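To keep things clear, I will list the structure first and then write my remarks on it.
The values are calculated or read from the model by the stated rules, or taken from the named source; none is laboratory data. Note that the structure is predicted; figures quoted are calculated from it, not measured. Ideal geometry is used to build each Cβ from the backbone, glycine not excepted, and the neighbour counts take in all protein chains shown. Just so you know, the surface numbers come from the protein's heavy atoms only, side chains and all, with ligands and any DNA or RNA stripped out. Shrake-Rupley method; radii C 1.70, N 1.55, O 1.52, S 1.80 Å.
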Amino acid sequence: MDTRISGKTRLLGVFGTPIKHSGSPVMYNFCFNYYGLDCAYLAFDCDESQVKDSLAAMRRLNMRGANVTMPCKQEVARNMDQLSPAAKFVGAVNTIVNDNGVLTGHITDGMGVVLDLQDHGKTIVDKNVVLLGAGGAATAIMVQCALDGAKSMTVFNRGEEGLAKAREIGDKMMADGVSCKMEFHLLSETELLHDVIRKADVLINATSVGMSPKHEGKSLVTDMTVFHEDLVVYDVIYNPLVTKLMSDALANGCKEENVIGGKGMLLWQGAGAFKLYSGLDMPAQELKEFLAKREAEGIDPLQDLSLIHISE
Ligand code: NAD
């Protein structure tokens, strides 16, 4: 890589803490190298109290951009010159682009799911989507799907507080003219949940239910008759690679190609950020092969790429 560094090299990075295990430097430097871009990417330990200084440094050092991870996403959103529509609705930023000192905050977490679905030949455009959860990942997914043309989003969450926050965002989006019809319910309304899934085109689990080790073997969908062959099931969880929701869907009529786990989500939210930095498509196939090679060498690429806060 040292042969790429010149007097004109632009710096990019990721801000957050803890940050030492972030795989973002590996991922983005691979992409810069692939295209021969004169850019270098480093990880910077930064907590919320250091956000303003870090943003000042971005301007002072003319950094091209930065990713943002926990715990800084909301604080960064409060200190941007401009926000993308998705970042404005979510109130969080995971990607900053610096255009001549003007910092624009974006959030590509939800893009991770939309682009991963596209990579599997699926679309949310004009589709009725059921979303389980109203936490960080779920909110970003909800906003992106609504902005990208989902026909309806029906959100189910365990707690009233999270649901109220999601509802507030949904109401703002609809008031702003986003045409997606958005509805919000508690997961305790199980009959309604199952009824809505039966009529849905896409079901997305964005809760930690199903995740190893604490929630492995659990699923929020308990009526096996809701699954049907046209239903696309996406689970944001990637550990295990096949969750109970996914195995239930497969055993009860969903097509194999319609049941997708969350392994690609991190890569595709990175692709969204890379495009914002460079205007170029991430070399996804080459990156996947590179990561698979690292995996074969015993380095867990998913752990490496943990840009997004994993709650459990
Ligand atoms: P979060 O803490 O912000 O939200 C957690 C959500 O799970 C909330 O909606 C909460 O109500 C729900 N939940 C937790 N336990 C529950 C239970 N027993 N019953 C019903 N609902 C329950 O966390 P987050 O950052 O939004 O992450 C959520 C999940 O998404 C995690 O499993 C995380 O690993 C996964 N994730 C995956 C990727 C990826 O790249 N594939 C990226 C981000 C998050």
Give just the number: which of (1) open to solvent by less than 40 Å² (accessible area, probe 1.4 Å); (2) away from the ligand (no atom under 16 Å from the Cβ); (3) under 23 Å from LEU267 (Cα atoms) does ALA200 not satisfy?
-> (3)
Pairs, first in contact (Cβ under 8 Å) with a residue 60 or more places away in the chain in region 156-178, second basic (Lys, Arg) and away from the ligand (no atom under 14 Å from the Cβ), C-beta under 6 Å, six or more apart | none
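Yes or no, residue by residue, for (1) aromatic (Phe, Trp, Tyr); (2) open to solvent by 10 Å² or more (accessible area, probe 1.4 Å); (3) in contact with a helix residue (DSSP H, G or I) (Cβ under 8 Å, 6 or more places away or on another chain):
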site: SER84; (1), (2), (3): no, yes, no
site: VAL93; (1), (2), (3): no, no, yes
site: ASN100; (1), (2), (3): no, yes, no
site: GLY105; (1), (2), (3): no, no, yes
site: ASP119; (1), (2), (3): no, yes, yes
site: LYS122; (1), (2), (3): no, yes, yes
site: VAL130; (1), (2), (3): no, no, yes
Report yes if ILE237 is under 20 Å from ASN128 (Cα atoms) and within 19 Å of the chain's Cα centre (by Cα), otherwise no.
-> no
Do you know which of the residues in region 181-192 that are away from the ligand (no atom under 11 Å from the Cβ) and more than 24 Å from the chain's Cα centre (by Cα) is most open to solvent (accessible area, probe 1.4 Å)?
-> GLU191
Please enumerate the residues belonging to region 211-226 that are in contact with a His (Cβ under 9 Å, 6 or more places away or on another chain) and acidic (Asp, Glu).
-> ASP223
Under the condition of being among the acidic types (Asp, Glu) and under 23 Å from GLY112 (Cβ atoms), which residue from region 203-252 is farthest from the ligand (Cβ to nearest atom)?
-> GLU216
Considering only helices (runs of 4 or more DSSP H) fully contained in region 20-89, which possess at least 2 residues that are over 21 Å from the mean Cα position of the chain (by Cα)?
-> 24-35, 51-60
Among the candidates ALA164, ALA138, ALA66, single out the residue that is within 15 Å of the ligand (Cβ to nearest atom), under 27 Å from ALA284 (Cα atoms), open to solvent by less than 50 Å² (accessible area, probe 1.4 Å) and among the hydrophobic types (A, V, I, L, M, F, W, C).
-> ALA138
What pairs come up if the first residue lies in region 192-215 and is closer than 16 Å to PHE156 by Cα, the second is hydrophobic (A, V, I, L, M, F, W, C) and open to solvent by 30 Å² or more (accessible area, probe 1.4 Å), and their beta carbons are under 6 Å apart, counting only those six or more places apart or on different chains?
-> ALA206/ALA137; VAL209/LEU220
